[in-house]
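For reference, the structure discussed in these notes is given below.
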Amino acid sequence: MSYIPTIQAAQADAATRATLDAFKAKLGTVPNLFLTLAQAPVALNAYVQLADVAAHGTLSAKQREQIALAVGDANACDYCLAAHSAIGTMVGLKPEQIAQARAAQSESVKDRALLQLAKRIVDTRGRVPVAELDAFKAQGHSDATILEVLVNVVLNIYTNYTNHLADTEIDFPAAPRALAA
């Protein structure tokens, strides 16, 4: 049982209910994460606004999902790993790409650099050494990309930590096993 329970959409105020209805229209269901965040409309709105901003950046949906998988794995968030494995499939990631992303790996050199930066941001709590940032930029990325990766990392840390605090019941198929280290 979850520590912070989900709410029923009918219990929510009109604005929160409209947000939950939008998730249902887009996804066919309202995931438990959003029903948990709806306990505090400010928490749900913070997610919605940051996710919308991230979606309008330069990173593709596949890259954003790969970052979500790398961050979810780094933070051992079973809920997000299950959710982003399912969503990753929806945006065109193949099972092997999902497994690689969890290990901050990709066949694409540029994508691998994105994922490794995301993981390093988590691992170093944002204190990535300058030499590593320079190496990232040497892969064809910019200062703007560093900051956009950070936005995506923060969004995923937010959902990872929400799920850790709430002990959110997983309502997605279990994530495939990670690659061996």
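The values are calculated or read from the model by the stated rules, or taken from the named source; none is laboratory data. Values in this document were obtained by computation on a predicted structure and should not be read as measured data. For neighbour counting, all protein chains shown are included, and Cβ atoms are generated from backbone atoms with ideal geometry for every residue, glycine included. Keep in mind that these areas ignore ligands, DNA and RNA; they rest on the heavy atoms of the full protein, side chains included. Shrake-Rupley method; radii C 1.70, N 1.55, O 1.52, S 1.80 Å.
Computed from label points 7 Å out along Cα-Cβ, the spacing between residue 86 and residue 43 is 2.0 nm.
Across all directions, the average projected area of the convex hull around the alpha carbons of region 64-128 is 3.9 nm². Here region 1-80 is treated with +1 on each Lys and Arg Cβ and -1 on each Asp and Glu Cβ, and its dipole about the Cα centre works out to around 160 debye. Rolling a 1.4 angstrom probe over the chain with all protein chains present gives an accessible area of which 57% lies on carbon and sulfur atoms. Under a model in which nothing but the beta-carbon of Lys, Arg (+1) and Asp, Glu (-1) is charged, region 63-181 shows a dipole of about 280 debye around its Cα centre.
The residue among 106, 23, 42 whose Cα reaches farthest toward the positive pole of the charge dipole of the chain, with charges on the beta-carbon of Lys, Arg, Asp and Glu, is 106. Across every pair of non-identical alpha carbons in the chain, the mean reciprocal distance, once inverted, gives a Kirkwood radius of 16.7 Å. Report, to the nearest 10°, how far helix 143-166 tilts away from the longest principal axis of the Cα atoms in the chain, using its own Cα long axis and a range of 0 to 90°. With both axes taken from Cα atoms, the answer is about 40 degrees. The length gained by stretching the chain between residue 130 and residue 96 to full extension, at 0.36 nm per residue less their Cα-Cα distance, is 9.1 nm. Residues 50, 35, ordered by accessible area of protein heavy atoms at a 1.4 angstrom probe radius and largest first, appear as 50, 35. For the chain, the 222 nm mean residue ellipticity estimated from helices alone, with every DSSP H stretch of n ≥ 4 adding -39500 (n - 2.57) and the total spread over all residues, rounds to -21000 deg cm²/dmol. When all protein chains stay in place and ligands, DNA and RNA are ignored, the 1.4 Å accessible-area order of 48, 53, 42, largest first, is 42, 53, 48. Against the main long axis of the alpha-carbon atoms of the chain, helix 41-55 sits at an angle near 40°.
Principal axis extents of the Cα atoms in region 1-108, from largest to smallest and rounded to whole angstrom, are 46, 32, 22.
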